[in-house]
1. Considering only residues of the stretch A:21-67 that are more than 11 Å from every other protein chain (Cβ to nearest Cβ) and β-branched (Val, Ile, Thr), which is surrounded by the most Cβ atoms within 10 Å (Cβ to Cβ)?
2. Residues in the stretch B:93-110: is at least one surrounded by fewer than 22 Cβ atoms within 10 Å (Cβ to Cβ), modelled with pLDDT under 95, at negative phi and out of contact with any helix residue (DSSP H, G or I) (no Cβ under 8 Å at 6 or more places or on another chain)?
3. Does any residue of the stretch A:147-154 turn out to be surrounded by fewer than 16 Cβ atoms within 10 Å (Cβ to Cβ) and of a type in the set (A, V, I, L, M, F, W, C)?
4. Kindly indicate which of A:Tyr169, A:Tyr154 is in contact (Cβ under 8 Å) with a residue 24 or more places away in the chain, touching a His at 6+ places or on another chain (Cβ under 7 Å) and not β-branched (Val, Ile, Thr).
5. Restricting attention to the stretch A:74-88, does a residue exist that is assigned to a strand (DSSP E or B), within 12 Å of chain B (Cβ to nearest Cβ) and within 21 Å of B:Phe88 (Cβ to Cβ)?
6. Could you check how many residues of the stretch B:95-140 are over 14 Å from the mean Cα position of the chain (by Cα), outside any loop (DSSP other than H, G, I, E, B) and among the small types (Gly, Ala, Ser)?
7. Cβ contacts < 7 Å: first residue more than 7 Å from chain B (Cβ to nearest Cβ), restricted to the stretch A:105-120; second residue outside any strand (DSSP E or B) and β-branched (Val, Ile, Thr), any location; separation 6+ or different chain. Result?
Amino acid sequence: MSRQAESVLTPEIKALIGEKGEMVEGWGVVDEEYLRRFVQALPDWDPTYWDAEFARKTRFKARTVPPVMVTYMAGRRPLEEWSPVEGRPEVERGSLPRIPTKLDRHLHGGDAVEVFQYPKLGDSVCYQRRYADIQERVGGDGKPFLVIIAETTYWNQKNEVLCKVRSTYINR
Amino acid sequence: MALPLAELLKLDPDKMPAHSERPTPDEFRHKKQVYYEDVQIGQEIPKYIQRFNTVHLFNWCAAIENPHRIHYDHPYAINYDKLPGVLFHGTWRMAIIPSWLKDWTFPGGWFWKADWQVRAMVVANEITIVWGKVTNKYAKDGLGFVDLEIGIKNQDGIEGCPGNATVVLPLKGGKPIPYPFVPPN
């Protein structure tokens, strides 16, 4: 006789919906060197990024940066948060509370982005994460799993929203 | 004349990148506006086709300060994480797709939004084909909204990133798209 699997979306997990991480101010400002390395690596050959004369003739009236560059740039860490032993950051900033579950397999299901404006060179950027939604689904094997939507909003120093990213994670 | 996606996938992978429609910096400088009226439902938009190799991966890891070894340490990736090779980052798609759609709408349009699923790994040295097809269009508040089906296929036609996007194009003789962009109600 089959038994319905126990729900993994506990009241404790449901209570996390809407929970926010700390507001994080990104290290440094939107700068030439980060932009140069980013567009080389992407690659994105738009001269609006590096040709000031051309950029002045566009509707932006100034140089811009790639649409979501800010989402990578905001993750830069100051030297004191970098481990010289491990070669990676020691401190995770702006994290959301851990999901209290025994489901230990974590998958990145996808992303959604929405862009409103580009930061300008010299702008500083802040970001904040929140649990936008957490739902339970049932897999083909009859076992329930969690679908977690974490939304990150990025602002400039004028408190204007630059873009939003909603990432979907699956815990099963 | 651009090669349709279905025809492109019949080619030898080494011949695919020659059909990339990514504009050069000089083509950007003289790029003509795509207007809402120019777009037909079912139309493919310019595809970006490239074989991304480990040099590209190295550059991307360094640029975004991501030190995870599955992206550049081949023995670690295949032996420890049992992967088919070093992988492009899941979030790499998040940079590629908005830039590509920004290019198509340049100079007067706006890449507004996109969403996609992460379905398959992108392994170094694969061909990546960033593609899109118009699925719907509508005018609202004097602006032209175009919905697209998008994705990133490899040389075998395997879709690793199925998704949707909406861009905003100006109407011929219409008003400029506001900047910063304000979504319609």
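1. So the residue we want is A:Val30.
2. No: zero hits.
3. No, the stretch A:147-154 contains no residue that is surrounded by fewer than 16 Cβ atoms within 10 Å (Cβ to Cβ) and of a type in the set (A, V, I, L, M, F, W, C).
4. Just one listed residue meets the conditions, A:Tyr169.
5. Among the residues of the stretch A:74-88, at least one is assigned to a strand (DSSP E or B), within 12 Å of chain B (Cβ to nearest Cβ) and within 21 Å of B:Phe88 (Cβ to Cβ), which makes the answer yes.
6. Looking only at that region, the number is 1.
7. The qualifying pairs are A:Tyr118/A:Thr64; A:Tyr118/A:Val65; A:Pro119/A:Val30; A:Pro119/A:Val65; A:Pro119/A:Val70; A:Lys120/A:Val30.
Per-residue answers, yes or no, for (1) in a helix (DSSP H, G or I); (2) modelled with pLDDT of 90 or more; (3) touching a strand residue (DSSP E or B) at 6+ places or on another chain (Cβ under 8 Å):
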position: B:Glu27; (1), (2), (3): yes, yes, no
position: B:Lys47; (1), (2), (3): no, yes, yes
position: B:Trp60; (1), (2), (3): yes, yes, no
position: B:Asn66; (1), (2), (3): no, no, no
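The values are calculated or read from the model by the stated rules, or taken from the named source; none is laboratory data. Computed from a prediction, not measured in an experiment: that's the story for all the values here. Here the Cβ is made from the backbone with ideal geometry for all residues, glycine too, and neighbour counts use every protein chain on show.
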